[in-house]
Every structure is written in structure tokens, then in C-alpha cells.
Amino acid sequence: MSFLILDHISQEFPGKNGPIKVLDRIHLKVEKGEFVSLIGHSGCGKSTILNLIAGFLEPTEGGVILEGRQVTEPGPDRAVVFQNHALLPWLSAYANVRLAVDQVFKYKSKVWRHRWTLHNLDLVKMSHALDLKPDELSGGMKQRVGIARALAMEPKVLLLDEPFGALDALTRAHLQDCLIEIQARLQNTVILITHDVEEAVLLSDRVVMLTQGPAARIGQVLAIDLPRPRSRLDLAENPIFHHYRAEIVRFLHQREEKDQAAKLRLIA
């Protein structure tokens with residue numbers, strides 16, 4: 001059995017004129033240590049899929065299976081990093097991470113929890129800012145602390161909901177490189193939501209492309225056969241990298257054209 005299975009999931013939400021189907025029979029298997037990106041137009045249900053894996057939502061049909069057990073509620077085995085860092089503003093960078101460590105590892109000694117907190121902040125290169133509060137940190141630094149907090153929980157699955165979407169291009173690139181280093185070291189399973197095609201190719205083992213909603217489905221799954229560790233400088237002139245990028249862009253544009261044509265037929 002695969003490590004993580006989205007088993008024919010459909011998701012509906014109530015609407016003014018009846019239920020609205022956001023996802024339609026999504027079926028996906030993810031292996032342990034795999035990095036998978038979800039990409040698609042706004043409104044295709046990417047965040048809904050992430051919320052289902054996290055246990056924040058219960059699917060209308062189907063189920064999420066993690067290591068042979070159905071996901072029915074949130075748990076520390078699935079940590080989420082949102083686009084908004086969600087740090088507690090009155091706590092320092094250290095205290096924000098330590099709070100998660102204390103909740104998940106209550107049975108460990110204080111010395112162990114202190115060292116583990118420092119270790120995870122060091123992973124994201126934030127050891128120099130332990131005592132700074134969120135309003136004293138840049139956007140990129142806040143996201144680093146958010147990632148450290150998630151990693152400190154030792155989740156089986158790290159869920160990233162466009163964590164770099166609000167950052168400038170240079171900061172985004174630095175954090176992508178940081179994530180590449182961390183994933184190479186920890187070999188954790190990662191699910192990333194992104195609108196950035198190059199980000200998806202750079203980071204992923206597979207890119208899952210969703211059709212437009214409502215009733216979005218998996219339209220195509222693209223395996224990224226590029227060696228690791230990856231360097232953005234090396235890939236900048238790599239024809240295979242650009243081939244994958246073009247495949248995703250082509251899919252997104254073709255889906256958009258098909259949906260626009262369908263809408264015009266309905267109007268006519």
C-alpha cells in the first residue's frame with residue numbers, strides 16, 4: 001500500500017442553489033519521501049485537497065489514507081505551513097517553535113525540547129534571530145520560522161499552502177533553495193500547492209495538474225526526472241527543465257481555452 005492515498009475523493013460545499021461540487025473523484029497515491037506539487041487555476045480545489053489531507057475537512061465521498069489508516073481529524077503527523085505565517089505575534093521566533101515542540105513532545109525532557117527547538121531553527125537558518133518577535137522579522141524570516149515550527153513536529157507529511165506566494169522573487173528563491181536542502185536532508189514527504197510553474201518543476205518529484213473547477217479532477221500527472229540535489233543555476237539552461245515547464249504551461253492554457261469555449265457554448 002502507498003504511504004498516502006487520496007482514495008476517489010469528492011468534496012461538496014453548500015450553495016444558494018444546492019450543493020457545489022468542488023472536487024470530483026480525486027485519486028492519487030503518494031510514496032514516502034516524495035515531493036508532490038499541486039498546480040491549477042484559482043478555484044480548482046487545491047487548498048481543499050490540502051485541508052482534506054490535514055484533516056480540517058471530511059470528504060463528501062472517498063477518504064484520505066495515511067499509512068493504512070483513514071484520516072478523520074487533524075494531527076501532528078500532518079503539519080501545515082500557510083501563505084500567512086500564522087505566528088503568534090507576542091512570542092519570539094524561539095517561543096513560537098518551542099510552543100509546538102512542547103505540545104507534541106510533552107514526554108521529552110526540557111533540555112531535549114530546548115535543543116530540538118534550536119535544531120529546527122538552525123535548519124532554516126534562523127539561529128541568529130531567536131529572540132526576535134514576528135513584527136521584527138521580514139516576510140521571508142517569518143516563513144522560515146513557520147517552516148521550522150512545522151518541521152519541529154516531525155510530521156509524516158509536510159503540507160505547504162503557497163508558503164512563498166506573498167514574497168518577493170529573491171526571497172522566494174532563497175526559501176526554495178532552503179526547502180531543497182531540508183528535504184534532501186530529512187527525506188520527508190511534502191505536498192506543495194503553488195501557482196508558480198518553475199517552482200513546481202524545481203522542487204517536485206511529480207506535478208499534479210488539476211482541471212478547472214467546479215468538479216475539478218486530476219487532468220495530468222507529470223513525473224519530473226531531474227537528478228537531485230537540484231541547483232537553479234544548473235537548471236536554468238537545462239532543456240529537460242524547460243520541457244517540463246512547457247508541458248505544465250501548455251496544460252494550463254489548454255484547460256483554460258476549453259473551459260472558455262464551454263462557457264461560450266452555454267451562453268449561445
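Read the figures in this text as sums done on the coordinates, not as results from a lab. Treat the numbers as computed from the prediction; the structure is a model and nothing was measured. Glycine gets a Cβ as well: all are built from the backbone with ideal geometry, and neighbour counts include every protein chain shown.
Under conditions of 25 °C and 0.890 mPa s, the chain yields 125 µm² s⁻¹ as its translational diffusion coefficient, taking Rh as the Kirkwood radius over Cα pairs in the Stokes-Einstein equation. With the simple model of a label 7 Å out from the Cα in the direction of the Cβ, THR60 to LEU91 spans 3.7 nm.
So, R0 is 30 Å and r is the distance between the beta-carbons of LEU186 and THR72; what FRET efficiency does that work out to, to 0.05?
Working: r = 26 Å, r/R0 = 0.88.
Calculated value: 0.70.
With the simple model of a label 7 Å out from the Cα in the direction of the Cβ, ALA236 to ASP7 spans 4.7 nm. What does the charge add up to near GLU181, with Lys and Arg as +1, Asp and Glu as -1, over the other residues with Cβ less than 13 Å from its Cβ? Combined, the nearby Lys, Arg, Asp and Glu give +4.
How long are the semi-axes of the ellipsoid equivalent to the stretch 97-213, from square roots of 5 times the Cα gyration tensor eigenvalues, in whole Å, largest first? All intermediate terms of the calculation are to be shown ahead of the outcome.
Working: eigenvalues 140, 60, 29 Å².
The three semi-axes for the stretch 97-213 are 26, 17, 12 Å.
Bridging of LYS29 to lysines at a Cα separation below 25 Å is possible for LYS21, LYS46, LYS156, once same-chain residues fewer than 8 apart are set aside. At an R0 of 51 angstrom, the distance between the Cβ atoms of ILE20 and VAL111 translates into a FRET efficiency of 0.50.
Using DSSP to define loop residues, name the trypsin sites (Lys or Arg not before Pro) in the stretch 76-131 whose beta-carbon has at most 10 other beta-carbon atoms within 10 Å. Please report the intermediate quantities before stating the final value.
Numbers: sites: ARG78, ARG98, LYS106, LYS108, LYS110, ARG113, ARG115, LYS125; in loops: LYS106, LYS108, LYS125.
Those satisfying the criteria are LYS106.
Sparse packing (at most 11 other Cβ atoms within 10 Å of the Cβ) combined with a DSSP loop state is found for the following chymotrypsin sites (Phe, Trp or Tyr not before Pro) in the stretch 78-124: TRP90, TYR107. Placing dummy labels 7 Å off each Cα toward the beta-carbon, the span from HIS195 to GLU136 is 3.4 nm.
Nearest-5 percent of antiparallel DSSP beta bridges in the chain?
Values: 19 of 37 bridges.
Close to 50 percent.
Ordered by the number of other Cβ atoms lying within 10 Å of each residue's own Cβ, fewest first, LYS29, LYS21 fall into the sequence LYS29, LYS21. Relative contact order for the chain: 24 percent, from Cα pairs under 8 Å spaced at least 6 residues apart, divided by residue count.
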